[in-house]
Amino acid sequence: MDRVLAVLAALPPVAVLALVFLLPALESSTLLGLFVPGETAVLVGGVVAHLGGLPLWAVIVVAAAGACLGDQVGYLLGRRYGPAVLARAPAVARRHLDLDRARRLVATRGAAAVVIGRWVAVLRVLVPLFSGASGMSRSTFGWANVAGGSVWATTVVLLGYLGSASYRYLEHELGIGTHVLLALLVVGALLALWRHHRRRRPTGPAR
């Protein structure tokens, strides 16, 4: 773990900030979020900030700017082309899109859907598109986008920052090493796979 953190800290600050900006910006505007969630780079930015490679405020500002710009482009694409823009996504990705959920969320929640959708990876891609396609006004989407993107970016950066701090504290003070942390990650992954298998298990005929 220390080696991974050392590699992250050794990256040029400009490169880290570029990733923190680009991944959230490309999520909705290019449908990249269907494959690589934007919080990946934002969490890394928080970790690097804790290691002293970047100011915490700079990571938050850049992450928020990327998130808001990407969703604004997604909104404009939806306004111009409608949900048909999703036809450009690979077939493998389209099979995992919850289009009905995103459409219902925008129809029932309006501007609140922009803030709520920010916290779910697939909805982050779909909600801006459906917001534009639904005819939501630019001003309504704009303030909801800025509010949701700012809160999301601040929270995710702080999670990376505090997560790095917690790991170092536990390792130094309690003697919890990398192997224990890896074991916990493996157990968590196995539980997630088990739950996913149970949800997909076909149910018997109703009596």
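Of all the residues that make up region 114-140, how many are in contact with a Pro (Cβ under 9 Å, 6 or more places away or on another chain) and open to solvent by 40 Å² or more (accessible area, probe 1.4 Å)?
Of the residues in that region, 1 qualify.
Kindly indicate whether any position in region 59-81 is at pLDDT below 75, open to solvent by less than 20 Å² (accessible area, probe 1.4 Å) and in contact with a Lys or Arg (Cβ under 8 Å, 6 or more places away or on another chain).
no
Tally time: how many residues in region 98-111 are of a type in the set (A, V, I, L, M) and exposed (fewer than 14 other Cβ atoms within 10 Å of the Cβ)?
Counting residues in region 98-111 that are of a type in the set (A, V, I, L, M) and exposed (fewer than 14 other Cβ atoms within 10 Å of the Cβ) gives 1.
Among the numbered criteria (1) surrounded by fewer than 21 Cβ atoms within 10 Å (Cβ to Cβ); (2) modelled with pLDDT of 90 or more; (3) not aliphatic (A, V, I, L, M), which one does F35 miss?
The one condition F35 does not meet is (2).
The values are calculated or read from the model by the stated rules, or taken from the named source; none is laboratory data. This structure is a prediction, so every number in the text was calculated from the model and none was measured. We place every Cβ from the backbone using ideal geometry, glycine too, and count neighbours over all the protein chains shown. Areas reflect the complete protein model, heavy atoms only, side chains present, ligands, DNA and RNA absent. Shrake-Rupley method; radii C 1.70, N 1.55, O 1.52, S 1.80 Å.
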